[in-house]
Amino acid sequence: MKPVLHRRNVVQTLLGDRGNLLVVAGLGSTAWDITAAGDSPLSFPTWGAMGQAAMIGLGLALAQPRRRVLVVTGDGEMLMGLGALATIGVQRPGNLSVVVIDNERYGETGMQATHTAHGIDMAAVARACGFKHCSVVKTKAAVAKLRSAIRGRPGPVFAQVKVVAEKLPLVLPPHDGVLLKERFRAALA
Amino acid sequence: MWPDQVHRELATAGVRVVGYVPDAGHKRLIELCRSDKRMRAVVLTTEEEGIGLVAGAWLGGVKSVLLMQSSGVGNIINVLGMVQVCRFPLVMIVTMRGEQGEFNPWQVPMGRSTPQVLEAMGVAVRRASSADEVAPLVAEAFRREQAVAVLVSQSVIGIKSFQEQTEQ
């Protein structure tokens, strides 16, 4: 089945009326996606450190146990740090969700196929690592359910959202790392 | 013992998250941190994860520390770029391999390169050559609120063979 979901719509739905949600994005397309949904001081889009988005989310979730933390990252970024799923599985923070926007491509480098294009099932990996709620999301109805899960369901939550491989206009967040860090801490304080 | 002194300094500094990849030289300190209810000990699959963990914890207003051996420094080079660009405070306690008494030649290249690699990526290097130097250097590292690695010389740890390591 060909994907029907569009990444910007998915991320817009997940982040809409975000309330207290703390958001971390992996480098590249997912950083542009969360910015297209509306920049916020409580978003930390990365411009590097590939493979670490989920771990930044874990650190944040442990530091802020009363807030919900959402990591939005790409399939290539998650694949580079797959061990993080095992590490999160040991800690099992109930307030953490990891959502992989899976277009089965390395979008920033020429749309080369990632491992997920060959059937690698990351949701199954997350399930095996002890994530409480895991899903492969392919429909709008499932996106709506995921939106509820990241806001209230005891986690950790993992979702692999299959999206159309498409090149979209860049919507860039600030790239000054100190600014991104300080505005986040100031907004939380 | 230096691990007990270091543990007291971590508590004094208000450390609440301890990321680690086990090393025989860190055995005691890991045990102390794991049994301290004020601290969340996070076992990592690779040292690289520790940098993400520290960054996330700091964003959330929490101080953390990373424990690793020198081979792990090789695993974190690229992600130290984020530490530098965002100016995340970072304290790493690195037990050295490939030095005096090393029994495994495969540990030597990374051990020899560890200080240069850290400095090349903007991390200040502090060397503890004796056991009583470790805790004061860790305390100072937390006061700086910068990226600092405290290297614990292999002579302080003193493991010389697989046999001794197993018996520890």
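Each value in this text was obtained by applying a stated rule to the coordinates, not by laboratory testing. Predicted model, so just to flag it, every value in this text is computed and none were measured. For neighbour counting, all protein chains shown are included, and Cβ atoms are generated from backbone atoms with ideal geometry for every residue, glycine included.
Some points to look at:
- Extension reserve of the B:Ser113-B:Glu140 stretch, reckoned as 0.36 nm per residue once the Cα distance is removed: 7.3 nm
- Segment A:Leu179-A:Asp39, extension gain: residue separation times 0.36 nm, minus the distance between their alpha carbons: 49.1 nm
- In this rough spin-label picture, where each label sits 7 Å from Cα along the Cβ direction, the A:Gln12-A:Leu172 distance is 2.3 nm.
- Three-way shape call for the stretch B:16-84 based on the alpha-carbon gyration tensor, with the a/c threshold at 1.5: oblate
- Those lysines that a straight Cα-Cα span of less than 29 Å connects to A:Lys181, excepting residues fewer than 8 apart in one chain: A:Lys167, B:Lys37, B:Lys63
- Cα-centred dipole magnitude for chain B, charges only on beta-carbon of K, R (+1) and D, E (-1), debye, nearest 20: 460
- Rounded to whole numbers, the Karplus 3J(HN,Hα) couplings from phi for the stretch A:144-160 are 4, 5, 5, 4, 5, 4, 6, 8, x, 6, x, x, x, 9, 10, 9, 10 Hz, using 6.51 cos²θ - 1.76 cosθ + 1.60 with θ = phi - 60°, and x at Gly and Pro.
- Trypsin sites (Lys or Arg not before Pro) restricted to the stretch B:1-70 and DSSP loop, no more than 11 other C-beta within 10 Å: B:Lys37, B:Arg38
- The phi torsions of the stretch B:16-22, fed into the Karplus equation with coefficients 6.51, -1.76 and 1.60 and a -60° offset, translate into couplings of 10, 10, 10, x, 8, 10, x Hz, rounded to whole numbers, with Gly and Pro shown as x.
- Neighbour-count order for B:Tyr20, A:Tyr106, fewest beta carbons within 10 angstrom listed first: A:Tyr106, B:Tyr20
- Charged neighbours of A:Asn103, selected by a Cβ distance under 14 Å, balance to 0 (K, R count +1; D, E count -1).
- Relative contact order %, chain B, counting alpha carbon pairs below 8 Å whose residues are six or more apart: 24
- Listed by Cβ neighbour count within 10 Å, with the fewest neighbours leading, A:Lys140, A:Lys167, A:Lys2 appear as A:Lys2, A:Lys167, A:Lys140.
- By the count of neighbouring beta-carbon atoms within 10 Å, fewest first, A:Phe44, A:Phe184, B:Phe103, A:Phe158 end up ordered B:Phe103, A:Phe184, A:Phe44, A:Phe158.
- A Cβ-based charge dipole, computed about the Cα centre of the stretch A:1-106 with Lys and Arg at +1 and Asp and Glu at -1, lands at about 260 debye.
- Entry note: the stretch B:5-132 has Rg to Rh equal to 0.95, where both radii use alpha-carbon atoms and Rh is the Kirkwood radius.
- Treating each Cα of the stretch A:7-188 as an identical point scatterer and summing with the Debye formula, the log10 of I(q)/I(0) at q = 0.16 Å⁻¹ comes to -0.89.
- In range of the label at A:Arg92: residues from the stretch A:136-161 whose backbone nitrogen is under 15 Å from the point 7 Å along Cα→Cβ: A:154-158
- Each of A:Asn20, A:Cys129, B:Val42 was placed along the dipole of the protein assembly as shown (beta-carbon charges, centred on the mean Cα), and the one lying farthest toward the positive end is A:Asn20.
- Inter-chain Cβ neighbour count for A:78-84, averaged per residue, equals 3 (cutoff 10 Å, partner chain atoms only).
- J(HN,Hα) series, the stretch A:118-130, from Karplus relation 6.51 cos²θ - 1.76 cosθ + 1.60, nearest Hz, glycine and proline x: 9, x, 5, 9, 6, 5, 5, 4, 4, 4, 5, 8, x
- If you run the Gaussian network model on chain A, springs between alpha carbon atoms under 10 Å, then out of A:Leu179, A:Leu60, A:Leu27 the most flexible one is A:Leu179.
- Gaussian network model of chain B, Cα within-10 Å springs - most flexible of B:Ala11, B:Ala141, B:Ala128: B:Ala11
- Legend: translational diffusion of the stretch A:7-111 by Stokes-Einstein, Rh = Kirkwood radius over C-alpha pairs, 20 °C, 1.002 mPa s; D = 158 µm²/s.
- When both the stretch A:74-99 and the stretch B:42-105 are represented by their alpha-carbon centers, they are found 18 Å apart.
- All-pairs Cα distance distribution in the protein assembly as shown, expressed in whole percent, bin size 10 Å: 6, 26, 32, 22, 12, 3, 0
- Gaussian network model of chain B, Cα within-10 Å springs - most flexible of B:Met110, B:Met82, B:Met68: B:Met82
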